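Please read the structure below before turning to the comments.
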Amino acid sequence: MTGRSARLLHALGLLVTLSFTLFPFYWMVSSSLKEQAALLASPPVWLFRPTLANYAEIFADQKVSGAILNSLIVVCTTTFLAVCLGTPAAYALARFEFRGKRDLWFWFISNRMISPIVLALPVYLLALQVNLLDTHLVLILIYLTFNLPIVIWICTDQFRSIPRDLEQAARLEGADQFTIFRRIYLPLGVPGIAVSAIFSFIFSWNELLYALVLTRRQVQTAPVVATSFMSGYELPWGKIMATGTVIVLPVTLFALAVSRHMVRGLTMGATK
Amino acid sequence: MTPNPAETGAAPAAPAAADPPAATRPAPGRLDPGYGRLTPLWFLLPAVGTLLVIGIYPTLFALVTSFRRYNLARPRDGFPFVGFENYLGVLGDRSYWDSLLLTARFFLTVMPVELVLGIAIALMLHQPGLSFLRALARVSLVVPLATTFAVVGLIGRLIFNRDFGVANQLLGFVGLGGFDWLGSSAGAFAAIAVMDVWQWTPFCALIFLAGLSMVPVEIEEAARLETPSRLALLRHVQLPYLLPGLTAVLILRSADILKLFDMVFVMTRGGPGAATDLISIYIQRIGFRVFDMGTASAQAILLLVVTIILSRLYIRLLYKEIDS
């Protein structure tokens, strides 16, 4: 193969990749800008006069705006808690040697694998007993089961990369471990903490199963409401796709911000 | 494969006075604030305590429930202990095994496609030249991964609609089409497989790309000068660096497919019939539609056992640095 045709093939392959990864996303966004008539056209139309009517409709719909608010409350709180609880643990794993460290480590990693249905059943029954169903709190807590391990993992990595000289100097000044953690590790670890917080945000924002079984009316999250439109005879496709776009857009932007760390976040650091 | 930071970063500093390795514990009489043997405990306690309460306690509760007759639809029966009755019921339940088999079939359907496409995309992204287009394509891989799983299901329902879906339109260009995707068993299975391939091929591609970038530059360049054959380069130079990624992908994807719920639930609810009744969907239905929590818990515990085996395997194979 000559250099030129190889280059052409390479470019073609990359373009195919691009359209493969972006097409469903594009289709969602473009459908959200169509009127119902254009949406139900058969075969589907590619060129149409875009309208924002669907967006106007969903933002006027209290169910959607309420669900987005619920999602924001749950996701921000759980992320904040995961960072508060997870960073000290990450510090201990990064800087201390103690018995059982390895087992602890593996336990955190194993949480990545466990199917949410395993926890959804007992948590539903427990929440039923203590009247926690359909509250923000139960979602905030259950989301910690996957957020805490991810925060701990990423921050441990980050804390290990902080040079020890700083710590030694602080020790000579008489600082205790808690001060060292607060004054040296937390400020210097901000990049890693931010990445882990973004992952925690993305995973919680996207979660459906727990939200579906643990909420009723009051605290339905955005994905639950988006799927709740899927009943009835004629589906409001424009509204569904507009809601989908509103849900996906912010997380996509966040994900682009941490795209370099995506693999690390999804594999719990087994590959970089 | 990955130089673990624990060994590279922490090891040289370990002998430092204030940070004794595990073997030599600090003398019992030490008075320095915050340097005691219990210090790590205080740092770990909040996270570990939380995970015990919200993770381990419910799991134990599920274990107990799995030994009870626990039907929420018939609360008058009470929740008596019935020994292994639920487990025996599950083991003899054709539809439970069918749904596990279906899950395995789903894995075997999507995995080869995702691997082949993933490696192809990774190679294209690794190939020198066209840096702008490459950067663009690389960034675009993040989009499917970040898309809310439930929304992937919504998009799938629109794309695979029989009447106004774009899938049938595109197939029409090559003379096919008119499929009732979500209304037929084979069609629904294919449709969820396509959406899964769309969402997770980028994951495979990114992992393989990371593997490719571990190949030392000099070796790769020497090999490129040596042979014009891309295949030889792949087989003799790059392949060894792809293998750890392959292990990670296979194990994580099998765990993820055992977890797979959102997208399929939104697209098909496990139907038509039981055509897309993957294991998580099936257990969810027994628990939250039939309200037979005892049986569902037994099914979930069995699933958990499989998952634990998988994650031990993952740790054994991929965290060698820590394990040794």
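The values are calculated or read from the model by the stated rules, or taken from the named source; none is laboratory data. From a predicted model like this one, the values you see are computed outputs, not experimental measurements. Quick reminder, even Gly has a Cβ in these numbers, built from the backbone with ideal geometry, and neighbours come from all protein chains shown. Note: areas computed on protein heavy atoms with side chains; ligands, DNA, RNA excluded. Shrake-Rupley method; radii C 1.70, N 1.55, O 1.52, S 1.80 Å.
Below 8 Å, C-alpha to C-alpha, sequence gap of six or more: please give me the relative contact order for chain B in percent.
26 percent
About its Cα centre, how strong a charge dipole does the protein assembly as shown have in debye, to the nearest 20, once Lys and Arg get +1 and Asp and Glu get -1 at the Cβ? Walk me through the numbers before you get to the answer.
Working: 45 positive and 34 negative charges, 33 e Å.
I would put it at about 160 debye.
Toward the positive end of the charge dipole of chain A, with +1 on the Cβ of Lys and Arg and -1 on the Cβ of Asp and Glu, the farthest Cα among A:Ser32, A:Trp153, A:Leu209 is that of A:Trp153.
Calculated FRET efficiency, A:Gln218 to B:Ala274, Cβ-Cβ distance, R0 = 25 Å: about 0.15 to the nearest 0.05.
Using a 1.4 Å probe on protein heavy atoms only, how many Å² of accessible area do B and A hide from each other, summed over both chains and rounded to 100? Provide the component values of the computation, followed by the final result.
Details: alone 19550 and 16120 Å², together 25830 Å².
Heavy-atom accessible area buried at this interface is about 9800 Å².
What range in chain B is the longest one free of chymotrypsin sites (Phe, Trp or Tyr not before Pro) that are in a loop by DSSP and have at most 16 other Cβ atoms within 10 angstrom?
Values: sites that count: B:Tyr35, B:Phe84, B:Phe291.
That gives B:85-290 as the longest site-free run.
A simple charge model with +1 on the Cβ of Lys and Arg, -1 on the Cβ of Asp and Glu and nothing else charged puts the dipole of chain B at about 580 debye relative to its Cα centre.
Rounded to the nearest 20 debye, the dipole magnitude of chain A is 640 debye, with +1 charges on Lys and Arg beta carbons, -1 on Asp and Glu beta carbons, and the Cα centre as origin. Spin-label model, A:Asp61/A:Gln168: points 7 Å from Cα along the beta carbon direction are separated by 6.2 nm. What a 1.4 Å probe finds exposed on the stretch B:95-323 is 70% carbon and sulfur by accessible area, rounded to a whole percent.
Roll a 1.4 angstrom probe over the protein heavy atoms and tell me the percent of accessible area of the stretch A:61-267 that is carbon or sulfur.
Working: 4590 of 7430 Å².
After summing per-atom areas, the C and S share lands at 62 percent.
Could you let me know the centre-to-centre spacing of the stretch B:102-130 and the stretch A:37-77, using Cα atoms, in angstrom? Distance between centres, Cα-based: 33 Å.
With Cα atoms defining each centre, the stretch A:194-272 and the stretch B:281-300 are spaced 25 Å apart in the structure. Partner shielding of A:79-92 amounts to 4, given as the average count of beta-carbon atoms from other chains within 10 Å of each residue beta-carbon. Of the whole protein surface, A:Leu69 contributes about 100 Å² of accessible area at a 1.4 Å probe radius. The residues of the protein assembly as shown expose on average 43 square angstrom of accessible surface per residue, using a 1.4 Å probe on protein heavy atoms. Here is how the number arises for the protein assembly as shown: DSSP H runs of 4 or more residues each give -39500 (n - 2.57), the sum is divided by the residue count, and the result at 222 nm is -21500 deg cm²/dmol. A cut-off of 5 Å between modelled amide H atoms, ignoring neighbours fewer than 5 places along the same chain, links B:Arg68 with B:Val82.
B:Leu260 contributes about 20 Å² of solvent-accessible surface, heavy atoms of the protein only, 1.4 Å probe.
Please list, by residue number, every one of the chymotrypsin sites (Phe, Trp or Tyr not before Pro) in the stretch A:193-272 that is coil in DSSP and has at most 15 other beta-carbon atoms within 10 Å.
Numbers: sites: A:Phe199, A:Phe201, A:Phe203, A:Trp205, A:Tyr210, A:Phe229, A:Tyr233, A:Trp237, A:Phe254; in loops: A:Phe229, A:Tyr233.
Counting only loop positions with at most 15 other Cβ atoms within 10 Å, the chymotrypsin sites (Phe, Trp or Tyr not before Pro) in the stretch A:193-272 are A:Tyr233.
Quick check of the Kirkwood formula: for chain B, what is the inverse mean of 1/r over all pairs of different Cα atoms, in Å? Working shown, then result.
Working: mean 1/r = 0.0418 Å⁻¹.
Hydrodynamic radius (Kirkwood, Cα pairs) of chain B is 23.9 Å.
Across the alpha-carbon atoms of the stretch B:178-271, the computed radius of gyration and Dmax are 18.8, 55 angstrom. Ranking A:His10, B:His126 from most to least accessible surface, computed with a 1.4 Å probe over the protein chains only, gives B:His126, A:His10. The order of A:Leu139, A:Leu8 by accessible area, most exposed first and with a 1.4 Å probe, is A:Leu8, A:Leu139. Taking all protein chains as they are arranged and a probe of 1.4 Å, the heavy atoms of A:Phe108 leave approximately 10 Å² accessible to solvent.
List residues of the stretch B:244-278, by number, whose backbone nitrogen lies under 16 Å from a label position 7 Å along Cα→C-beta of B:Asp98. The answer is B:269-278, whose backbone nitrogens lie closer than 16 Å to the label point.
Longest span of chain A, sites excluded, free of GluC sites (Glu not before Pro) in DSSP loop with at most 12 other C-beta atoms within 10 Å? With a cap of 12 other Cβ atoms within 10 Å, the longest stretch comes to A:1-172.
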